[in-house]
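To keep things clear, I will list the structure first and then write my remarks on it.
The values are calculated or read from the model by the stated rules, or taken from the named source; none is laboratory data. Values in this document were obtained by computation on a predicted structure and should not be read as measured data. Here the Cβ positions follow ideal geometry from the backbone for every residue, glycine too, while neighbour counts run over all protein chains shown.
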Amino acid sequence: MNVKGKAERTKQFIIEQAAPIFNSKGIAGTTIDDILAATKMAKGGIYGNFENKEAISIASVDFIFGKMSARTYSVISKEKTAVKKLFAFIDLRKNPLVPFIEGGCPILNFGVDSDNTNPAVKKKVKAMIEGSIILFIDILKQGIAEGELSEKLNPEEYCLKVLVMLEGATLVSRVTDSVKPMQTVIKILKWN
């Protein structure tokens with residue numbers, strides 16, 4: 001049996017079980033006991049694969065952001081026009097009460113959770129946001145170049161408006177247990 005392969009599978013299993021807990025309860029709020037309960041492993045099994053809870057949290061953030069990126073690229077790549085790509089990106093958030101990732105939006109959750117307390121995770125959240133911005137701006141520029149969108153559109157400003165409105169609507173929808181705030185924002189963002 002391949003020992004390295006088994007060790008990697010065990011490590012991946014721990015990450016997959018811990019990630020939704022970190023996203024739901026926060027990094028500070030998640031305990032090793034939570035991870036032990038989810039994995040049904042002994043402490044030695046956890047600590048044999050990770051130095052500490054911080055290392056598990058970092059790997060969990062990477063795992064979740066990887067899933068988010070893969071899903072975003074998968075949905076957007078199916079569309080041919082810039083406008084359809086934009087709308088597909090926006091529609092990924094249409095129901096924040098039934099999120100793609102257990103616990104809600106990881107950008108929002110980890111962003112709030114790590115602000116001023118966890119520089120390593122904050123750096124990862126920043127990179128995820130910046131990557132989303134670059135992707136979104138490229139789509140907008142494609143739309144302008146192909147005549148789908150007005151040359152008067154400022155891609156950077158519109159991108160920021162979309163991301164801030166979607167994150168804000170996610171927060172308000174989850175706190176109020178209503179999809180209406182998100183539906184309203186999506187209606188505003190889909191100008192046609």
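A single member of A18, A38 is without any contact (Cβ under 8 Å) to a residue 24 or more places away in the chain and out of contact with any His (no Cβ under 7 Å at 6 or more places or on another chain), and it is A38. Is it fair to say A70 is surrounded by fewer than 16 Cβ atoms within 10 Å (Cβ to Cβ), of a type in the set (G, A, S) and out of contact with any Phe, Trp or Tyr (no Cβ under 8 Å at 6 or more places or on another chain)? It is true that A70 is surrounded by fewer than 16 Cβ atoms within 10 Å (Cβ to Cβ), of a type in the set (G, A, S) and out of contact with any Phe, Trp or Tyr (no Cβ under 8 Å at 6 or more places or on another chain). State yes or no: is L140 touching an Asp or Glu at 6+ places or on another chain (Cβ under 9 Å), closer than 20 Å to T81 by Cα and either surrounded by fewer than 16 Cβ atoms within 10 Å (Cβ to Cβ) or without any contact (Cβ under 8 Å) to a residue 60 or more places away in the chain (or both)? Yes, satisfied.
Screening segment 95-122 for residues that are loosely packed, with under 13 Cβ neighbours inside 10 Å and charged (D, E, K, R) and picking the one that is farthest from the chain's Cα centre (by Cα) gives D115. Take the conditions (1) at pLDDT below 95; (2) surrounded by 15 or more Cβ atoms within 10 Å (Cβ to Cβ); (3) in a helix (DSSP H, G or I); I15 misses just one of them, which is (1). Against the criterion of being touching a helix residue (DSSP H, G or I) at 6+ places or on another chain (Cβ under 7 Å), of a type in the set (F, W, Y), assigned to a helix (DSSP H, G or I) and over 18 Å from G29 (Cα atoms), F110 does not qualify. Residue pairs whose Cβ atoms lie under 8 Å apart, sitting 6 or more positions apart in sequence or on different chains, and linking a residue in segment 90-103 that is at pLDDT 85 or above to a partner that is polar (S, T, N, Q) and part of a loop (DSSP other than H, G, I, E, B), are L97/S178.
Checked against (1) surrounded by 15 or more Cβ atoms within 10 Å (Cβ to Cβ); (2) modelled with pLDDT of 95 or more; (3) under 28 Å from Q183 (Cβ atoms), S60 passes all but condition (3).
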